[in-house]
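The values are calculated or read from the model by the stated rules, or taken from the named source; none is laboratory data. Please read all numbers here as calculations on a predicted model, not as lab measurements. Don't worry about glycine lacking a Cβ; one is built from the backbone with ideal geometry, like all the others, and counts go over all protein chains shown. For the accessible areas, the whole protein counts, side chains as well, though only heavy atoms, and no ligand, DNA or RNA atoms are used. Shrake-Rupley method; radii C 1.70, N 1.55, O 1.52, S 1.80 Å.
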There are 2 protein chains.
Amino acid sequence: MNWLDDVAFDERGLVAVVAQDAGSGRVLMVAWADRQALAETAASGQAVYFSRSRGRLWRKGEESGHRQTVREVRLDCDGDVVLYVVEQAGGIACHTGRASCFYRLLRDGQWQAVDPVLRDPELIYRR
Amino acid sequence: MNWLDDVAFDERGLVAVVAQDAGSGRVLMVAWADRQALAETAASGQAVYFSRSRGRLWRKGEESGHRQTVREVRLDCDGDVVLYVVEQAGGIACHTGRASCFYRLLRDGQWQAVDPVLRDPELIYRR
């Protein structure tokens, strides 16, 4: 019996993954994982996803340096969503240079960017 | 210009929604919303989803009584995931009677149910 058999991957072989910051508690991002990404995450303790746009494993931080050390891996009641509780290197999960991808708040009928850019994306990805 | 136009609904007209507890910070559940569900959530301040299994709007708590009062609605950088920050009535989001749907923790190579059942589901849904 393998824990990966309990995960309800969709017809593409993917499962949604929510990443949450272990310290602040903030929801950082939502991405996808395939079986291999989950296996590698559990084995390495570093968050691995499956990039749909690139069609390959995505070791979070491989370009940005903003790796995620995984403290907990959880599964929801339906088995079709995984939660990574992580320590976020650099305190930046979003490619926009913000702590969280959820930086837009609905206020007065519009989305307002309420979280600061902590580091210029040009500096993050120019390596 | 309407805030709903900024949401990247998928080919089914749905967007993933993460619900997080405003008090504990816990990730409670992940579900789906369509345009109408988001509009009603914003208007009413109560979390509304779209139930894929029932094919209709799902006003969270309509059967269980475990409604969610929405304190914040956020959108991620790609526009394809929404975050509801909520006050969870009864402190129970999961149909299993637990605080969160993410009650299974990966430990020693298996999923272990580490969160207590706060109320028997039979009692929640027998109304």
Legend entry - Selected from A:58, A:32, A:111 as most flexible by GNM, with chain A as the system and alpha-carbon contacts under 10 Å: A:111
Inset, instruction - Give the residues of region B:7-22 whose amide nitrogen is closer than 16 Å to a point set 7 Å from the Cα of residue A:52 in the direction of its Cβ. - result: B:7-18
Inset, instruction - Would you tell me the accessible area of residue A:54, worked out with a 1.4 angstrom probe on the heavy atoms of the protein chains, in Å² to the nearest 10? - result: 100 Å²
Inset, instruction - Would you jot down the residues in region B:49-87 that end up with at least 30 Å² less accessible area in the complete protein assembly than in the chain alone, with a 1.4 Å probe? - result: B:73, B:74, B:75, B:76, B:77, B:81, B:83
Inset, instruction - Name the nearest-to-axis residue of chain B, judged by Cβ distance to the rotation axis taking chain B onto chain A, and quote that distance in whole Å. - result: B:25, 2
Inset, instruction - Arrange the residues B:7, A:117 by how much accessible surface each exposes, largest first, with a 1.4 angstrom probe. - result: A:117, B:7
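Computing the accessible area with a 1.4 Å probe over protein heavy atoms, can you report the carbon and sulfur percentage for the protein assembly as shown?
Values: 5420 of 11970 Å².
Looking at the protein assembly as shown in its full context, I get 45 percent from C and S.
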Inset, instruction - Tell me what chain A gives for mean residue ellipticity at 222 nm when only DSSP H runs of n ≥ 4 count, each as -39,500 (n - 2.57), the sum divided by the residue total, rounded to 500 deg cm²/dmol. - result: -3000 deg cm²/dmol
Inset, instruction - Evaluate peptide B:30-39: per residue, the Cβ atoms of other protein chains within 10 Å of its Cβ; return the mean as an integer. - result: 1
Inset, instruction - State the Cα centre-to-centre distance between region A:77-95 and region A:109-125 in whole Å. - result: 19 Å
Inset, instruction - Would you compute the Debye intensity of the protein assembly as shown from its alpha-carbon atoms alone, equal scatterers and no solvent, and pass along log10 I(q)/I(0) at q = 0.13 Å⁻¹ to two decimals? - result: -0.82
Legend entry - For residue A:114, inter-copy label distances in nm, listed shortest first [label point 7 Å out on the Cα-Cβ vector]: 3.0
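Taking the DSSP beta bridges in chain B as the whole, what percent of them are antiparallel, to the nearest 5? Intermediate results must be reported in sequence, preceding the final value.
Working: 22 of 28 bridges.
Percentage antiparallel, nearest 5: 80.
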Legend entry - Quotient of C-alpha Rg and 2.2 N^0.38 Å, computed over chain A: 1.09
Legend entry - Helix A:35-44 axis, angle to chain A major axis (alpha carbon atoms, nearest 10°): 80 degrees
Inset, instruction - Hey, can you grab everything whose amide H is under 5 Å from the amide H of residue A:58? Only 5+ residues off in sequence or another chain; H modelled, so Pro and N-termini drop out. - result: A:49, A:50, A:51
Legend entry - Estimated FRET transfer efficiency when R0 is 35 angstrom, pair residue B:44-residue A:80 (beta carbons, to 0.05): 0.80
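Per residue, what accessible area does chain A have, given a 1.4 Å probe and all protein chains present, in Å²?
47 Å²
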Legend entry - Accessible heavy-atom area order of B:87, A:72, highest first, probe of 1.4 Å: B:87, A:72
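For chains B and A, what's the summed buried accessible area, probe 1.4 Å, to the nearest 100 square angstrom?
Working: alone 7500 and 7510 Å², together 11970 Å².
Summed over both sides, the interface buries about 3000 Å².
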Inset, instruction - Starting from a label point 7 Å past Cα on the Cβ side, list the distances from residue A:72 to the same position in the other copies, nm, shortest first. - result: 2.0
Legend entry - Within region B:47-80: backbone nitrogen closer than 16 Å to the residue B:126 label point (7 Å, Cα to C-beta): B:64
Inset, instruction - Taking a label point 7 Å out from Cα toward Cβ, give me the nm distances from residue A:6 to the same spot in the other copies, shortest first, one decimal. - result: 3.9
